[in-house]
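Working notes for the structure below.
Just so you know, all these numbers are worked out from the coordinates, no wet-lab data involved. Model, not experiment: these values are computed from the prediction. Note that each Cβ is placed from the backbone with ideal geometry, even for glycine, and that neighbours are counted across all protein chains shown.
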Amino acid sequence: MNTFLAILTCFSYCFIFVMYTIKIAKYLKLPIHLRWELYPVMHEEAYHYGGSCFEKKDWWTYPRTKFLYRTFGYLLKDYLYFESYLKKGITYWLFLYISHIGFILLMFLQIIVILGAVLNLNGISVIKTSPYTLGYLLYFLTEFIGPLSFIAGIIGNFGLLIMRVIKSDLKLYTSPLMYYGYLFHILLYVSGFITWHKGNYSLIQYREFWEGLFKLQPIDVTPDLAFFIILMGLHLLYLPFTRAIHYITRLFAFYLIRWDDKPNIRGGELEKKIIEQLNKNVSWSGPHIESGKRWSDQFTNSG
């Protein structure tokens with residue numbers, strides 16, 4: 001069993017890394033987007049009063065100053081607040097918020113457990129009485145984040161599941177796969193909570209499991225921890241096929257689409273990309289579009 005757990009864990013972490021890399025590369029290679037033209041753009045100097053770079057004559061010739069701290073603040077609020085959902089209904093927003101916090105903390109828990117294993121292997125003990133500040137901190141972070149993640153995940157996913165069953169407007173847009181996702185996550189968080197509770201509230205054996213992986217010497221673990229490790233591995237294998245990648249793609253949506261205000265300079269990279277797209281053939285047809293012709297021909301003949 002210990003060898004199986006080690007192989008599953010290594011494979012699942014490698015799998016999700018490779019799949020997310022492939023998906024990100026695919027998104028970055030997509031055709032250039034249509035410019036939103038929504039001003040003011042968050043990072044602009046004149047944003048505070050609703051202005052834009054267009055206020056200057058020959059605006060594209062001026063150096064562009066971007067105030068990125070505004071964008072970071074907005075993204076942090078977007079990731080942690082879900083304001084758009086709050087406007088649609090506080091009950092659904094509350095369960096959605098709790099479930100997301102549970103998911104984020106679960107990922108953070110994996111990081112600190114793995115980091116704790118690395119520190120232990122390098123002589124920095126991660127225990128309650130550790131003489132090292134970092135080891136002491138990671139020990140108590142595990143004790144705090146573990147139950148918080150598991151409890152939030154159980155409450156959030158259970159609440160979302162119930163709401164999608166009883167509310168007709170949500171039920172209409174809920175696929176069987178989404179129901180499976182809620183049930184699977186509830187089981188994952190319940191198993192994690194049981195493991196945390198039986199493990200003296202510090203997940204010491206889970207950290208030792210990772211130490212064994214790094215030393216290529218898998219250790220035997222308790223049945224409850226083994227079950228959690230299996231579910232965690234399946235969770236990582238399952239994630240690339242869900243919408244969970246929106247944690248990453250939202251960055252693209254904001255920085256590469258919504259806030260993309262690069263000027264189209266003659267002879268520049270943006271112009272080359274636009275020309276490349278215009279030279280592609282249209283694969284569909286309509287009253288105003290002829291299939292098989294290039295986009296540039298459609299525009300030329302439209303008048």
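Of the trypsin sites (Lys or Arg not before Pro) in the range 194-229, the ones in a loop by DSSP (not H, G, I, E or B) with at most 15 other beta carbons within 10 Å are Lys215. Of the trypsin sites (Lys or Arg not before Pro) found in the range 84-175, those that fall in a DSSP loop while having at most 14 other beta-carbon atoms within 10 Å are Lys128, Lys167.
A 28 angstrom limit on the alpha carbon distance is what I want to check against. Which of Lys23/Lys273; Lys23/Lys272; Lys26/Lys273; Lys87/Lys167; Lys26/Lys57; Lys66/Lys87 exceed it? As for pairs spanning more than 28 Å Cα to Cα, those are Lys26/Lys57; Lys66/Lys87. Averaging Cα coordinates gives a centre for the range 48-110 and one for the range 217-259; these two points are 22 Å apart.
Under 8 Å for C-alpha pairs, at least 6 residues apart: give me the relative contact order for the range 1-80, rounded to a whole percent. Don't jump to the answer; show the numbers that get you there.
Working: 30 pairs, mean separation 16.0, N = 80.
Normalised by residue count, the contact order of the range 1-80 is 20 percent.
Subtracting the Cα-Cα distance of Gln110 and Ser285 from their residue separation scaled by 0.36 nm leaves 58.0 nm. Between the Cα long axis of helix 204-214 and the first principal axis of the chain there is an angle of about 70°, rounded to the nearest 10. Taken over the chain, the percentage of Cα pairs per 10 Å bin, counting from 0 up to the bin with the maximum distance, is 5, 19, 24, 22, 17, 10, 3, 0. Within the same chain, lysines fewer than 8 places from Lys215 are excluded, and of the rest, those with a Cα less than 25 Å from its Cα are Lys128. In the range 39-80, the alpha-carbon atoms span a convex hull of 66 Å³ per residue.
When ranked by the protection proxy of mean other Cβ atoms within 10 Å per residue, highest first, what sequence do the peptides 109-115, 242-248, 53-59 form? Present the calculation step by step, with values, prior to reporting the outcome.
Working: 109-115: 17.4, 242-248: 13.0, 53-59: 10.9.
So the order, starting with the most tightly packed, is 109-115, 242-248, 53-59.
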